[in-house]
Amino acid sequence: MFRLDGKVALVTGGTRGIGRSCSELLAQAGARVVMAYRGNAEAAQEAVAAIEAAGGQAEAVQLDVADGAAVDAVIKDVTKRLGGLDILVNNAGIARDQLLLRVKQDEIDQTFATNVAGAIYCAKAAIRPMMRAKAGRIINLSSVVGETGNPGQVVYSASKAALLGLTKTLAREYASRGITVNAVAPGYIDTDMTSSLSDEIKEGIVSSTPLGRVGRPEEVAAAVLFLASDEAGYVTGQTIRVNGGMYV
Ligand code: NDP
């Protein structure tokens with residue numbers, strides 16, 4: 001079940017954290033995975049080496065998803081070289097956490113440029129080869145805070161809520177073309193993004209999580225693999241929440 005042999009997948013932010021777990025799992029399921037990263041070339045090399053050592057096929061490409069022209073160029077190149085693009089995982093994301101009164105314009109601009117515009121640029125470039133193939137999977141990484149809100153995360157939570165609107169609209173626009181579009185909304189997952197939170201905040205999150213622990217990147221990747229698979233062919237416009245019961 002959930003095999004992806006012969007498929008080509010692009011995972012943005014695919015070389016660290018949740019994205020890396022998604023890349024590893026999709027490759028393990030047989031997909032050829034292209035991992036886009038913004039700047040950390042060392043993490044990118046490590047991710048490629050780990051996938052290849054496990055017998056998978058992967059490559060890393062430097063790509064800032066906030067640069068629409070660069071996104072177009074990379075997706076055209078991938079499609080041409082690898083013969084198509086079957087799966088897009090819009091995972092690249094940043095968080096600039098501030099209370100509303102302290103938020104600066106560049107924090108709003110950068111967050112929306114990466115988290116929202118980046119996902120739209122990638123979806124727009126990917127939808128052409130998917131329409132030609134009359135098949136495709138787009139999976140957007142939202143967040144629990146896109147649905148619940150969270151003090152101190154006004155910009156981030158707004159960007160993650162925007163991804164749910166994007167997911168629902170694209171699901172409706174491209175269902176007739178055989179393309180499904182879904183979201184995965186993680187709770188608190190142990191990655192570099194969350195490592196800087198204070199112990200007090202972490203303890204607060206764990207105590208408000210019914211399963212009583214933080215999540216692991218591979219637990220999010222499992223939901224992404226399902227949505228990427230043929231078995232999820234009748235699922236579109238939905239959000240799978242991987243959050244330990246934090247929001248029910
Ligand atoms: P990390 O900070 O650990 O990793 C982020 C990845 O995204 C890196 O590979 C980074 O590349 C890449 N990236 C960031 N900006 C860009 C950009 N402009 N263009 C291309 N790549 C970029 O994040 P997580 O793994 O924790 O999070 C992954 C996704 O899951 C995000 O969308 C996040 O919002 C979401 N999420 C995470 C949660 C958590 O608890 N961790 C909870 C809910 C949602 P590089 O290595 O080059 O810097």
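The values are calculated or read from the model by the stated rules, or taken from the named source; none is laboratory data. What you are looking at is a predicted structure, and each value in this text was computed from that prediction instead of being measured. A quick note on method: Cβ atoms are made from the backbone with ideal geometry, for glycine too, and the neighbour counts reach across all protein chains shown.
Please go through region 31-49 and give me each residue that is crowded, with 16+ Cβ neighbours inside 10 Å and more than 9 Å from the ligand (Cβ to nearest atom), ordered by number.
Scanning region 31-49 gives 31, 32, 33, 34, 48.
Any residue at all in region 71-87 that's acidic (Asp, Glu) and either modelled with pLDDT under 95 or over 23 Å from residue 179 (Cβ atoms) (or both)?
For region 71-87, residues acidic (Asp, Glu) and either modelled with pLDDT under 95 or over 23 Å from residue 179 (Cβ atoms) (or both): absent.
Between 174, 156, which is assigned to a helix (DSSP H, G or I), within 13 Å of the ligand (Cβ to nearest atom), more than 19 Å from residue 14 (Cα to Cα) and at pLDDT 95 or above?
Only one candidate passes the filter, namely 156.
Does region 75-105 hold any residues that are over 19 Å from residue 193 (Cα atoms), of a type outside the set (Ser, Thr, Tyr) and surrounded by fewer than 21 Cβ atoms within 10 Å (Cβ to Cβ), and which are they?
Once the filter is applied, which keeps residues that are over 19 Å from residue 193 (Cα atoms), of a type outside the set (Ser, Thr, Tyr) and surrounded by fewer than 21 Cβ atoms within 10 Å (Cβ to Cβ), region 75-105 yields 76, 77, 80, 81, 82, 83, 84, 100, 101, 102, 104, 105.
I'd like to check something: does region 63-71 contain any residue that is closer than 18 Å to residue 228 by Cβ and either within 15 Å of the ligand (Cβ to nearest atom) or crowded, with 17+ Cβ neighbours inside 10 Å (or both)?
Filtering region 63-71 for residues closer than 18 Å to residue 228 by Cβ gives none.
No: zero hits.
Let me confirm something: among 200, 219, 231, which residue is assigned to a helix (DSSP H, G or I), modelled with pLDDT under 95 and more than 13 Å from the chain's Cα centre (by Cα)? It would help to see each step written out before you state the result.
Working: 219 fails: modelled with pLDDT under 95; 231 fails: modelled with pLDDT under 95.
After ruling out the rest, the residue left standing is 200.
Go through region 208-234 and count every residue that is polar (S, T, N, Q) and within 16 Å of the ligand (Cβ to nearest atom).
The number of residues fulfilling the criteria is 2.
Going by what's in this entry, would residue 20 be described as over 19 Å from residue 220 (Cβ atoms) and either basic (Lys, Arg) or modelled with pLDDT under 95 (or both)?
Taking the combined requirement at face value, the residue does not satisfy it.
Can you tell me which of (1) without any contact (Cβ under 8 Å) to a residue 60 or more places away in the chain; (2) over 14 Å from the mean Cα position of the chain (by Cα); (3) not in a helix (DSSP H, G or I) is the one residue 236 doesn't meet?
Result: residue 236 passes all but (1).
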